[in-house]
Amino acid sequence: MSSNSGKIKKIAICTGGGDAPGLNAVIHAAVLSAINRGWKVLGIRDGYNGLMFPENYVSGGLIPLTRDAVRGITSLGGTILGTTNKGNPMSFPVRRPDGTIEEVDRTDELIRLFCLHEIDALISIGGDGSLTIANVLAKKGLRVIGVPKTIDNDLDKTVITFGFDTAVSYATEAIDRLHSTAESHQRVMVVELMGRYAGWIALNAGMPASADVILIPEIPYDLAKVAEKIKELENRGKRYGIIVVAEGAKPKEGTISVVKPKEAGRAERLGGAGERVTRELEELTGREIRTVVLGHLLRGGSPTAFDRLLALRFGAAAVRALDEGQSGIMVALAPPTVNYVPLMEATNRMKVVPLDSDAIKTARDLGICFGD
Ligand code: F6P
């Protein structure tokens, strides 16, 4: 690793956390922009694993990212580098002799590895967790630019993240398809969508897909209100209903649905929010209700044109930032432009749906019930 002001010869790119459509487009743009400046580019496999555990990879933990390596990847979902949301290097799980797990900070070791491979700078593409690690690495002297990624769109300081539009488009189409079967069978359908602690996907897909009820983490729900809404639909002669539930939605007096609690080096795993609504609502209404969980389908597939373009802009902007001598910042969408914000600010707080937003007001004007 050279000093913060030295000339860049070689950079690395890594992708961390859950994948999102558009990651490959960021890689494509960053690689071409870097190569066009005469820089070499390495891809780190599976977050930082390729750097920390190269012995686990048959063809090495670092991939040379050449023009050929990134040709044609803009339209591909996933990430050609692989990713992980386990083994955060800031709180790396290590088993003690007595069998208990200890969390160890391995970021100093990471910095040494960047030096060893003569990597002058890093482009870290990830969500809240990855960008927090990126900030620590920047503070320890590595030149780092963060690129925000999450289908949940809950990262602060950027109007939108790539992957969100693809997830919303897919969810909207999926919910559209439920209307005819729900109507034919006079059923209520509950659709659970991703969105851990923010309801952006549920709101932005539920409204255009004409949901009757949208339950989001920002508005704890009372199922009695939802049952009233179902009754109201019945009274108006509508014999079916569509309820969209964000995976992080929770009842007024309750907690979110967790299937696996937080472990060393990884976050809690959510699940079951939709099924919980279905069970309790069946009892309250006596109606036949079915649950559909879209889950990881929202993370798959080819990115929409919007996400591809945003991701390409982010990738190129990250390289321009390095070329300008910047570090410790994240590229962000501030329409009509892409700007830079300190990583520290971007990871300070989560961006949730503002309850006074026009989208929430519009949904209420349309008669959509939030269970409150
Ligand atoms: O944060 C993005 C996200 O897609 C969440 O909506 C979801 O809870 C989580 O990732 C699931 O991650 P995993 O890959 O561990 O199942």
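The values are calculated or read from the model by the stated rules, or taken from the named source; none is laboratory data. Quantities reported herein were computed from a predicted structural model and do not represent experimental measurements. A quick note on method: Cβ atoms are made from the backbone with ideal geometry, for glycine too, and the neighbour counts reach across all protein chains shown. All accessible areas refer to the heavy atoms of the entire protein, side chains included, with ligands and DNA or RNA removed. Shrake-Rupley method; radii C 1.70, N 1.55, O 1.52, S 1.80 Å.
Among residues of the stretch 277-297 that are touching a residue at least 12 places away in the same chain (Cβ under 8 Å) and of a type outside the set (A, V, I, L, M), those with a Cβ under 9 angstrom from a residue that is more than 16 Å from the ligand (Cβ to nearest atom) and part of a loop (DSSP other than H, G, I, E, B), sequence gap 6+ or separate chain, pair up as R287/Q186; R287/R187; E288/Q186; E288/R187; R290/R187.
Apart from one condition, A134 fits all of (1) outside the structural domain of D108 (by TED's automatic domain parsing); (2) open to solvent by less than 10 Å² (accessible area, probe 1.4 Å); the exception is (1). Would it be correct to say that I123 is of a type in the set (A, V, I, L, M, F, W, C) and surrounded by fewer than 14 Cβ atoms within 10 Å (Cβ to Cβ)? Spelling it out, it is not the case that I123 is of a type in the set (A, V, I, L, M, F, W, C) and surrounded by fewer than 14 Cβ atoms within 10 Å (Cβ to Cβ).
For the stretch 140-164, a residue qualifies if it is touching a Phe, Trp or Tyr at 6+ places or on another chain (Cβ under 7 Å), of a type in the set (D, E, K, R) and either in contact (Cβ under 8 Å) with a residue 60 or more places away in the chain or away from the ligand (no atom under 15 Å from the Cβ) (or both), and the qualifying residues are K149, D154. If you filter the stretch 271-291 down to residues that are away from the ligand (no atom under 16 Å from the Cβ) and within 26 Å of G163 (Cβ to Cβ), you find that the one that is surrounded by the fewest Cβ atoms within 10 Å (Cβ to Cβ) is T291. A single entry from L76, L122, L81 fulfils the requirement of being within 16 Å of the ligand (Cβ to nearest atom), touching a residue at least 60 places away in the same chain (Cβ under 8 Å) and under 30 Å from A305 (Cβ atoms): L81.
Kindly indicate whether G22 is within 16 Å of the ligand (Cβ to nearest atom) and open to solvent by less than 40 Å² (accessible area, probe 1.4 Å). Yes; evaluated as a whole, the condition is true for this residue.
When A167, A174, A198 are checked against the criterion of being surrounded by fewer than 24 Cβ atoms within 10 Å (Cβ to Cβ), within 13 Å of the ligand (Cβ to nearest atom) and modelled with pLDDT of 95 or more, A198 stands alone in meeting it. For the stretch 292-310, filtering for residues that are farther than 30 Å from Y240 by Cβ, touching a Leu at 6+ places or on another chain (Cβ under 8 Å) and within 16 Å of the ligand (Cβ to nearest atom) leaves 0. Just one residue in the set G371, G295, G301, G328 is open to solvent by 20 Å² or more (accessible area, probe 1.4 Å) and at positive phi; that residue is G301.
The strands (runs of 3 or more DSSP E) located wholly in the stretch 143-257 that include 2 or more residues which are touching a Leu at 6+ places or on another chain (Cβ under 6 Å) and of a type outside the set (F, W, Y) occupy 143-148, 188-193, 241-246.
When restricted to residues that are under 16 Å from R196 (Cα atoms), assigned to a strand (DSSP E or B) and in contact (Cβ under 8 Å) with a residue 60 or more places away in the chain, the stretch 258-272 contains 2. Within the stretch 352-372, residues that are part of a loop (DSSP other than H, G, I, E, B) have Cβ atoms under 9 Å from residues that are of a type in the set (K, R) and open to solvent by 60 Å² or more (accessible area, probe 1.4 Å) in these pairs: F370/K225; F370/R364; G371/K225; G371/K252; D372/K225; D372/K252, counting only partners at least 6 apart in sequence or on another chain.
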